[in-house]
Amino acid sequence: MKLIDTHAHLDLLQDPAGAFARAREAGVGQVISIGIDLATSRKAADFTREMRGVFCTVGLHPHEADKVKPDTWAEMKLMALTASAVAVGECGLDFYRDRSPRHLQRDAFQAQIELALELGLPLVVHDRDAHSEVMSMLDKLGAERVGGVVHCFSGDAAMAKDLVSLGFCIGVTGVITYKNAKELRSLVKQVPLTKILIETDCPYLAPMPHRGKDNEPAYVTHVNDALAKALGLPSEEVAQTTADNARRLFGLPYLED
Ligand SMILES: [Zn+2]
């Protein structure tokens, strides 16, 4: 079984190399380390050189949208090219915490959708309480041409359907293991399995039975098992399909070992 953790903040873990080694032992063959600003994108890029099986994205989180400088996007583009980033993000809109003014969040999201289109890379999208605006921006700016994933998906079945028709996947985290996530467990049955990715979003959102502790890529196994249970499918089949989905979207190679 070779799972893929499609959304990890390795730079925020206490011991990234140790966590990656534990992931490999748990059957997680590949991990995508996510950038949320220039510094963390650079760190994610460094990890790809240090650990075979780690891939990186470059992006600016909506919380950081007020830190954009005139050369931010040029630097990000250069970094994406030199580091062979597999996606642009995480980018998007967060109207739940509103840590940056909304107009700046929109500007940063638009700039990154345009960057993804220019580079031909898929998007890793963060959407918190901004469902309709996220959808309309992806739609209007032509994000369909590159596709991507709305990570830690929190929309409803109608939005999931719209995303799928835009060529996007939905990302499922450890939230699916939580007792109160009944809606998510029923929603995943309405989405084609070929459009679902699994992720940890570590160090956040540790799945049961680790809830409340630091999360790490090895625990994506619990996400996979909970998804399989919700779908009434064997874990192996869900692991295989979601890994294939991730390889297809992000252009990841097959690893032999
Ligand atoms: Zn994240």
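A few remarks follow.
- For residue 33, the requirement of being among the hydroxyl-bearing types (Ser, Thr, Tyr), under 16 Å from residue 219 (Cβ atoms) and modelled with pLDDT of 95 or more is met.
- Boolean, residue 118 is away from the ligand (no atom under 16 Å from the Cβ), surrounded by fewer than 24 Cβ atoms within 10 Å (Cβ to Cβ), more than 25 Å from residue 241 (Cα to Cα) and of a type in the set (D, E, K, R): yes
- Among the residues of segment 2-48, the ones that are closer than 14 Å to residue 61 by Cβ and touching a residue at least 60 places away in the same chain (Cβ under 8 Å) come to 4 in all.
- Any hit, segment 191-213, residues being of a type in the set (S, T, N, Q), surrounded by 18 or more Cβ atoms within 10 Å (Cβ to Cβ) and in a loop (DSSP other than H, G, I, E, B): yes
- Summed over segment 225-250, residues that are touching a Gly at 6+ places or on another chain (Cβ under 9 Å) and touching a residue at least 60 places away in the same chain (Cβ under 8 Å) total 3.
- Test: residue in segment 171-182 that is surrounded by 14 or more Cβ atoms within 10 Å (Cβ to Cβ), out of contact with any strand residue (DSSP E or B) (no Cβ under 6 Å at 6 or more places or on another chain) and within 20 Å of residue 247 (Cα to Cα): yes
- Here residue 60 qualifies as in contact with a strand residue (DSSP E or B) (Cβ under 7 Å, 6 or more places away or on another chain) and touching a residue at least 12 places away in the same chain (Cβ under 8 Å).
- Test result for residue 241, among the hydroxyl-bearing types (Ser, Thr, Tyr), under 16 Å from the mean Cα position of the chain (by Cα) and at pLDDT 95 or above: no
The values are calculated or read from the model by the stated rules, or taken from the named source; none is laboratory data. No experiment lies behind these values; they were computed from the predicted model shown. Neighbour counts are summed over all protein chains in view; Cβ atoms, including those assigned to glycine, are modelled from backbone coordinates with ideal geometry.
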